[in-house]
1. Where the accessible area of the stretch 79-180 is counted over protein heavy atoms with a 1.4 Å probe, how much of it, in %, is carbon and sulfur?
2. At 0.36 nm per residue, minus the direct Cα-Cα distance, what do ARG355 and LEU258 gain on full extension? Give it in nm, one decimal, please.
3. Please sort by residue number the chymotrypsin sites (Phe, Trp or Tyr not before Pro) in the stretch 158-229 whose DSSP state is loop and whose Cβ has at most 14 other Cβ atoms within 10 Å.
4. Please report the orientation-averaged projected area of the chain, defined via the convex hull of its C-alpha atoms, in nm².
5. Multiply the residue gap between GLU53 and ASN131 by 0.36 nm, knock off their C-alpha separation, and tell me the result in nm, one decimal place.
6. Roughly how many nanometres apart are two label points built 7 Å out from the Cα toward the Cβ at GLN151 and ASN95?
7. Just to be sure I understand the model, the point goes 7 Å from the Cα along the line to the Cβ. What's the resulting SER75 to ASN29 distance in nm?
8. Efficiency by 1/(1 + (r/R0)^6): what FRET value for GLN319 and GLU270, r their Cβ-Cβ distance, R0 = 22 Å, to the nearest 0.05?
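The values are calculated or read from the model by the stated rules, or taken from the named source; none is laboratory data. This is a predicted model, so every value here is computed, not measured. Please note: Cβ atoms are built from the backbone with ideal geometry, for glycine as well, and neighbour counts cover all protein chains shown. Surface areas here come from the heavy atoms of the whole protein model, side chains and all, with no ligands, DNA or RNA. Shrake-Rupley method; radii C 1.70, N 1.55, O 1.52, S 1.80 Å.
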Amino acid sequence: MCIRDRPISSKIIVFTNQFNFNQSRQWSNNPKITWIVETKKTGLHSLLDKHQEELVYCDIIILTSMPEVNNHEISIKFPCPAWLVIHNLHTSFGNVLQHYYIGKEWWKDMLKLIRYIFYHGNKATNTILNNVENIILPSENIREYFIKTFQDSRFPSPVIIPFNRFEKQVIPLKNEIFRMVVPGSITMYTRDYQLLYEAIKLVLSKTETKIFLTLLGKPRDHTCEKILAKIQQLTGENFTFQYFMEFVDQDVFDDILLQSNIILAPLQKETRYDVFKECYGYSTESGNIADIIRYGIPGIIPEYYPFPEEGAFLVKKYQNADSLSEAILHFIENDKNKNQFEELLYFCSEQVSKRILAQWEKTHSKMDTFGHDG
């Protein structure tokens, strides 16, 4: 949020909870940011009422996720223009009967779907969407998918603010161990760990290089118990495997990635959010893509996933376990310390900020006509 009549970067007020504040400690002393830490139970209505005095003088409120509101509440009065970050298009805009998710535990998913239809629906979601001025999407590809699929007249020109930007130059430690990382919570709903297991078996049969695989997250549910045990059985002189049983602190997350040779993204083509089916690269973005760009680490991603042309040099793509193993072997045999900074210039924070600012300026005249109630 930015105070009116000052440059866009003059002041930001961040409303968050204690957990997110702790993970953002690298910005906690930034003089341009005012932190207001609330409890998780603080609802949107309460937040707006409590901080009316600060908010009324802001240029814009950016909601970073869909706030929870009661189904009986049909309006939200924002004291200034509000934009909403969309993480899952189908969940936010789709009809549940067209975009529902049914997995292997189909009977549980059917019960959840029936409960959603009769007791929830999308009333609360529409309450927010009907009261924000614009939406923010993470990529041009997702913007194109949104326009083609939903044609929502409320938001004819969504703003793109990428979740990924280059920030940290990775220089892996020089040693005999090749380090691979799969960032993110461990669940079969998001990643194909069976395919990963099969690829690693192939790699270990074709190289004597010592490999260290880190699943940089904790198990989110019971779906991965068997496959984690199978991967663990591969451990030996040339293969070490680790994952975590607790939340991975941001400092630990950064430290492990900064020492890694490649990021593996064995993503499922479809994932779920609540009862909705989401499609990676089209209706939702994977954090693994952001990690590849943010750290400038080479990555291996599925063939179907659209990756920015400007960063094509960063990734190799796979279709199955065989091609995934071949891509891993390619990086083992052609390992290099780091990508040249010039190659990553398009994704650096300064360049991304300029593109965001251009969008701001394009829409700002419209926002200036928005009435501020005192």
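1. Details: 2930 of 5440 Å².
Roughly 54 percent, rounded to a whole number.
2. Working: separation 97, 0.36 × 97 = 34.92 nm, distance 2.69 nm.
Fully extending the segment from ARG355 to LEU258 adds 32.2 nm.
3. Working: sites: PHE163, PHE166, PHE178, TYR189, TYR193, TYR197, PHE212; in loops: PHE163, TYR189.
Within the stretch 158-229, no chymotrypsin sites (Phe, Trp or Tyr not before Pro) qualify (loop, at most 14 other Cβ atoms within 10 Å).
4. Details: hull surface 78.7 nm².
Taking a quarter of the hull surface, the average projection is 19.7 nm².
5. Numbers: separation 78, 0.36 × 78 = 28.08 nm, distance 1.98 nm.
That works out to 26.1 nm of additional length.
6. 1.3
7. Output for this residue pair reads 4.7 nm.
8. Working: r = 17 Å, r/R0 = 0.75.
Taking R0 as 22 Å, the efficiency between GLN319 and GLU270 is 0.85.
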